[in-house]
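Below: one structure, written as structure tokens.
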Amino acid sequence: MADVADEAGDARALGAVAMAFGLGAVQHVEVIDAGLMNRNWRVTTDGGVFAVKQVLDIDATAARRQHAATRALAERGRPVPAPLTTAGGDTLLEHDGHIYAVAGWARGAHREGLDLSPAEVRALGAVLADLHADLAMVMPVVPEMMREPVTEPATTKDKIDRYAAAAAARPDRDAMDEFVLDRLRRRRQLLAQVGHLRPNDDVDVGPCGWVHGDFQHLNLLYADGEVSAVLDWDRLKPRPLAAEVVRSATLLFGFGDARGLDLARVSAFAAGYRSRRKLSDEALADAVHRLWWERVCDTWQLRRRYEHADTSCDHLFRSAEALLSWWTAHRSQVTTAFTD
């Protein structure tokens, strides 16, 4: 009965959204399951097809800032869906304690990074560079350099111990729990071996600017052989530009298993970026090292499993562990791929 009630509540909310944004009468609704942080629907009305988002991951102030950025990027000709507005000129509707946003439905399809040709990978790097350049034009000025937080080994050890205890204590331990216990034992050993490699958190890092924050294949659509839309700007924020280049490449061109990263594609992506925007070898090498350390310390998937009884990210822990093992054994090759 709860599911029926939820569906009825969603139907009422989407009807209110359609009315507020002048979309027309709702004809069909499709739930979009991709994505972890927000709720999304493809809504067909007699006025067209629209993407409706229930914003959960950021507050209204951050959402409006994001919308100002995406509208400005769209006006500059970038492949970014612009938010629609209500009759009152707002890009958000607050309804029944929730907030909603709407954009026109973007054409195109997702493509895995490993399916892209070398030329397409290089072009994708250039797309990211152009977005960074335009964000610098349309967003408030940010410092050229900034401090990046770096996790302490002791903090990571505490989390490892906590999640290992949670996995061991489960009365109905399954294969995932056994995998977690094994990997956390290895992670504890790794942390002891590489703790001296913790990046320096007492220096400024840069160059910095506004970044998308989650530039990966689930947030990219392709049509006619090129990027047709860059989606989900909820993580828009100022950061070192190299950090986004490196993170994006590892998400786009990872095999998800013991093979690690496709370094040829990583290299093409970085080269495509640097064909449009200057980024030094030193900045990229530093970003590679910092992200590797972040992966050494990262346990967010286990927080979902053991603190929120949410197993939807279990597969991401498996792939992250495979990448970490491979990356630790190939650190110099990864750095070379970004800087050659």
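The values are calculated or read from the model by the stated rules, or taken from the named source; none is laboratory data. Quantities reported herein were computed from a predicted structural model and do not represent experimental measurements. FYI the Cβ positions are ideal-geometry reconstructions off the backbone, even for glycines, and counts take in every protein chain you see.
Considering each residue of the range 202-216, count those that are of a type in the set (Asp, Glu) and in contact with a Ser or Thr (Cβ under 9 Å, 6 or more places away or on another chain), and give that number. So that I can check it myself, show each step before the final result.
Looking only at the range 202-216, we keep the residues that are of a type in the set (Asp, Glu), and these are 202, 204, 214.
Still in the running and in contact with a Ser or Thr (Cβ under 9 Å, 6 or more places away or on another chain): 214.
Here the count works out to 1.
Can you tell me which residues in the range 45-63 are surrounded by fewer than 17 Cβ atoms within 10 Å (Cβ to Cβ) and either assigned to a loop (DSSP other than H, G, I, E, B) or not aliphatic (A, V, I, L, M) (or both)? Show your work before the answer.
Taking the range 45-63 and keeping what is surrounded by fewer than 17 Cβ atoms within 10 Å (Cβ to Cβ), we get 46-49, 56-57, 59-62.
Those that are surrounded by fewer than 17 Cβ atoms within 10 Å (Cβ to Cβ) and either assigned to a loop (DSSP other than H, G, I, E, B) or not aliphatic (A, V, I, L, M) (or both): Asp46, Gly47, Gly48, Leu56, Asp57, Asp59, Thr61.
So how many residues does the range 304-340 have that are within 19 Å of Val150 (Cβ to Cβ) and buried (at least 18 other Cβ atoms within 10 Å of the Cβ)?
If we filter the range 304-340 for residues that are within 19 Å of Val150 (Cβ to Cβ), which is where we start, we get 320, 324, 327-328, 331, 334-335.
Then keep just the ones that are buried (at least 18 other Cβ atoms within 10 Å of the Cβ); that gives 320, 324, 327, 334-335.
Final tally of qualifying residues: 5.
For the range 176-205, what are the residues that are under 24 Å from Leu279 (Cβ atoms) and crowded, with 20+ Cβ neighbours inside 10 Å?
Val205
Got a sec? Which of Arg259, Arg295, Arg276 is of a type in the set (Lys, Arg), in the same structural domain as Asp214 (by TED's automatic domain parsing), closer than 23 Å to Glu152 by Cα and out of contact with any Cys (no Cβ under 6 Å at 6 or more places or on another chain)? Reasoning before the result, please.
Details: Arg259 fails: closer than 23 Å to Glu152 by Cα; Arg276 fails: closer than 23 Å to Glu152 by Cα.
Result: Arg295 is the single residue among Arg259, Arg295, Arg276 that is of a type in the set (Lys, Arg), in the same structural domain as Asp214 (by TED's automatic domain parsing), closer than 23 Å to Glu152 by Cα and out of contact with any Cys (no Cβ under 6 Å at 6 or more places or on another chain).
Please specify each residue of the range 211-241 satisfying the condition of being charged (D, E, K, R) and closer than 16 Å to Arg107 by Cβ.
Step one: of the range 211-241, the residues charged (D, E, K, R) are 214, 224, 226, 232, 234-235, 237, 239.
Asp224, Glu226 - these are the residues of the range 211-241 that are charged (D, E, K, R) and closer than 16 Å to Arg107 by Cβ.
Can you tell me which residues in the range 87-104 are surrounded by 16 or more Cβ atoms within 10 Å (Cβ to Cβ) and not in a strand (DSSP E or B)?
Answer for the range 87-104, where residues must be surrounded by 16 or more Cβ atoms within 10 Å (Cβ to Cβ) and not in a strand (DSSP E or B): Asp90, Thr91, Leu92.
Do we have Arg71 as at pLDDT 95 or above and under 14 Å from Trp233 (Cβ atoms) here?
On the way: at pLDDT 95 or above: yes; under 14 Å from Trp233 (Cβ atoms): yes.
Judged against the criteria, Arg71 is a match.
Of all residues in the range 139-176, which are in contact (Cβ under 8 Å) with a residue 12 or more places away in the chain and of a type in the set (Val, Ile, Thr)?
Val142, Val150, Thr151, Thr155, Thr156, Ile160
With touching a Lys or Arg at 6+ places or on another chain (Cβ under 9 Å) and either of a type in the set (S, T, N, Q) or farther than 30 Å from Asn40 by Cβ (or both) as the only criterion, which of Arg162, Arg188 stands out? Steps first, answer last, please.
Working: Arg162 fails: touching a Lys or Arg at 6+ places or on another chain (Cβ under 9 Å).
It is Arg188.
Suppose we keep only residues that are outside any loop (DSSP other than H, G, I, E, B) and within 26 Å of Thr328 (Cα to Cα) within the range 197-210. Which one would you say is farthest from the chain's Cα centre (by Cα)? Please lay out each step first, then the result.
Narrowing the range 197-210 to residues outside any loop (DSSP other than H, G, I, E, B): 197, 205, 208-210.
After this cut, where a residue has to be within 26 Å of Thr328 (Cα to Cα) as well, the list is 197, 205.
Details: Leu197: 26, Val205: 21 Å.
Out of the qualifying residues, it is Leu197.
Among residues belonging to the range 105-154 that are small (Gly, Ala, Ser) and assigned to a loop (DSSP other than H, G, I, E, B), point out the one that is farthest from Lys53 (Cα to Cα).
Ser117
Among the residues of the range 155-175, are any over 30 Å from Arg65 (Cβ atoms), outside any helix (DSSP H, G or I) and in contact with an Asp or Glu (Cβ under 8 Å, 6 or more places away or on another chain)?
yes
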